[in-house]
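This report concerns only the one structure given below.
The values are calculated or read from the model by the stated rules, or taken from the named source; none is laboratory data. Just so you know, these numbers come straight off a predicted model, no measurement behind them. Glycine gets a Cβ as well: all are built from the backbone with ideal geometry, and neighbour counts include every protein chain shown.
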Amino acid sequence: MMHFRIGLVGMALIAAGCATSPGESSSSAPTASRDVTATCDATNVRSLVGNSYSERLASDARRNSGAGDLRVVMPGQVMTMEYRPERLTIVVDDDGNVRSVRCG
């Protein structure tokens, strides 16, 4: 009976560790305001491929593509695969250069 109680307490602690507080995001990525009504068009920013990545480049790319949201994927970073038409994704290579830009 004692092992059962210890097991229940352990499971409760694990479950509590996975919960988020009200108003807290479960994602570790910073949240930014986004415009889900925007439509991304990467045609205007494809010329950025090969350029050195910077925050300014990312900001300009988001604006010039018409994207309402921006995601930057750094080397070794995990990326979700859901499609969001308002989002511009910039993939950065190991040398810090833009490897690709695409919507979704």
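Computed values, structure above
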{"read-out": "Hey, Ala38 at pLDDT 95 or above, surrounded by 13 or more Cβ atoms within 10 Å (Cβ to Cβ) and part of a loop (DSSP other than H, G, I, E, B) or not", "value": "no"}
{"read-out": "Of residues in segment 50-104 being in a loop (DSSP other than H, G, I, E, B) and in contact with a Cys (Cβ under 7 Å, 6 or more places away or on another chain), the one surrounded by the most Cβ atoms within 10 Å (Cβ to Cβ)", "value": "Ala67"}
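Rundown of residues vs (1) on the phi > 0 side of the Ramachandran plot; (2) touching a residue at least 24 places away in the same chain (Cβ under 8 Å); (3) of a type outside the set (S, T, N, Q), yes/no style:
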| site | (1), (2), (3) |
| --- | --- |
| Val49 | no, yes, yes |
| Arg63 | no, no, yes |
| Gly68 | no, yes, yes |
| Gln77 | no, no, no |
| Glu82 | no, no, yes |
| Val98 | no, yes, yes |
